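Engineer: One structure follows; several queries about it will come next.
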Amino acid sequence: MKKLRILLPLFGVLLLAAACNRDADFNYYYYEPEDYALISQYLNLPDRPDNYQSELPKHLSAMGLATRPVDQDKAILGRVLFYDKHLSKDGTVSCASCHRQELAFADDKQVSTGVFNRAGDRNSIALGSVLSFSAYYGTDLFGSSGIPFFWDNRANTASDQNISSMTNPKEMDMTHADIVTAVQTQPYYEPLFRMAFGNGQITSERVSEAIAEFVNAIGSFNSKFDHEAEKSLGYNVYSNLEFNSFSGFTDAENRGKLIYLNNCASCHSPTQGRPPKIKANNGLDAATVDVGVGGITNSSYDMAMFKVPLLRNIALTAPYMHDGRFATLEEVVEHYSSGVQAHQNLSPELLVNGTPRNLNLSAQEKSDLIAFLHTLTDEQLKTDQRYSDPFK
């Protein structure tokens, strides 16, 4: 009987060890070996999935912002689709062609070029200007409070946005049927769709959904500004402590931060969280050149109004404005210092007694403001492997 009592615990230990080994094998062989061998011929994907879940820093989460859960498998598939040039009519353009990771997912052209070298209508918005798409973008995630996509706010969801770009004749020029055919033709997609959706069926809706999941997984909150805000603000974001100097900032950066808070933050956010405004006219022209949001709403009050982005990673995303008219940050700052035009829909923040408000900054103040804007750069975003081109 004594011998049996000794053997039973030993048997339990062996069972536990075997179970742990099975778990280890399961975790290691996330893909079936034959699937991973196929995928690896074309793609540099890890054998276990990247983690696309993220948690906002305290100085942002205390404002009530939070990232939504991400479907890892759909995000992995979406990453591949985002970089795949097969999804364009002439096989030369992908989503990433106009949203380059090293530029905070912006483009360095005034207006991006699509298939057959066709010029687009507006400058490509930097995806890296957004804190996290899953924190406040899209009516599918946030109902009527969700911020829409494009400069003219015409797309309500990330899926609406990417399918619009794929089917736009000036961008990728595909039909829904073209998208399905292009994806079906590539051998690496069947196992990826099976992982993401439970079977290998390929539809344009699934393509769009996966790209949206990848876009919603992109976030940028590891700038020098964020690190200093985290140290200085913590949970006290409502106490105006943001107006205090940051210990890790230079004197110029702190002076520039104060200029920004007093003159820019009412539209672009004091904490680089959610933008306070979703549309504005910033006095680029006295007359309407591009109708902007007004072209969607047909309201005279929206003519020449455009999306108000955060300024995250702005030092990486030249040229600037919806039409890419300014090549440098110096030109942008000069516009607000001396060049604001009296458009009929000029935003109230840029008006004083009914006339355009120019900041009239000194040379030192301009330099300080630009120094602060450089603190909004997230170096990690530029090289984060989860968002990089997976193709060999």
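The values are calculated or read from the model by the stated rules, or taken from the named source; none is laboratory data. Since the model is a prediction, treat every value here as computed from it, not as a measurement. So basically every Cβ, Gly included, is an ideal-geometry build from the backbone, and we count neighbours across all protein chains shown.
Engineer: Answer with yes or no whether G120 is free of Cβ contacts under 8 Å to residues at least 60 places away in the same chain and on the phi > 0 side of the Ramachandran plot.
Structural biologist: So G120 does not fit the description; no.
Engineer: Test each condition in (1) among the hydrophobic types (A, V, I, L, M, F, W, C); (2) at pLDDT 95 or above; (3) in a loop (DSSP other than H, G, I, E, B) for M63 and report the one that comes out false.
Structural biologist: So M63 meets the others, but not (2).
Engineer: Also, quick follow-up: Check whether at least one residue in segment 35-45 is within 20 Å of V215 (Cα to Cα), touching a residue at least 24 places away in the same chain (Cβ under 8 Å) and of a type in the set (S, T, Y), and report yes or no.
Structural biologist: The answer is no; no qualifying residue exists.
Engineer: Among the residues of segment 143-160, which ones are surrounded by fewer than 19 Cβ atoms within 10 Å (Cβ to Cβ) and farther than 25 Å from D323 by Cβ?
Structural biologist: Residues satisfying the conditions are G143, S144, S145, G146.
Engineer: Does H322 satisfy the condition of being at negative phi, assigned to a loop (DSSP other than H, G, I, E, B) and in the same structural domain as G248 (by TED's automatic domain parsing)?
Structural biologist: Considered against the rule, which asks whether it is at negative phi, assigned to a loop (DSSP other than H, G, I, E, B) and in the same structural domain as G248 (by TED's automatic domain parsing), H322 comes out as yes.
Engineer: Is one or more of the residues making up segment 156-164 farther than 23 Å from H99 by Cα and either of a type outside the set (D, E, K, R) or assigned to a helix (DSSP H, G or I) (or both)?
Structural biologist: Among the residues of segment 156-164, not one is farther than 23 Å from H99 by Cα and either of a type outside the set (D, E, K, R) or assigned to a helix (DSSP H, G or I) (or both), which makes the answer no.
Engineer: Given the criterion at pLDDT 90 or above, aromatic (F, W, Y), touching a helix residue (DSSP H, G or I) at 6+ places or on another chain (Cβ under 8 Å) and surrounded by 12 or more Cβ atoms within 10 Å (Cβ to Cβ), identify the matching residue among Y52, Y42.
Structural biologist: Only one candidate qualifies: Y52.
Engineer: Can you tell me how many residues within segment 286-312 are touching an Asp or Glu at 6+ places or on another chain (Cβ under 6 Å) and crowded, with 18+ Cβ neighbours inside 10 Å?
Structural biologist: The total comes to 3.
Engineer: Quick one: Q101 ticks every box in (1) in contact (Cβ under 8 Å) with a residue 60 or more places away in the chain; (2) within 30 Å of L60 (Cβ to Cβ); (3) touching a Ser or Thr at 6+ places or on another chain (Cβ under 8 Å); (4) crowded, with 23+ Cβ neighbours inside 10 Å except a single one, so which number is it?
Structural biologist: (4)
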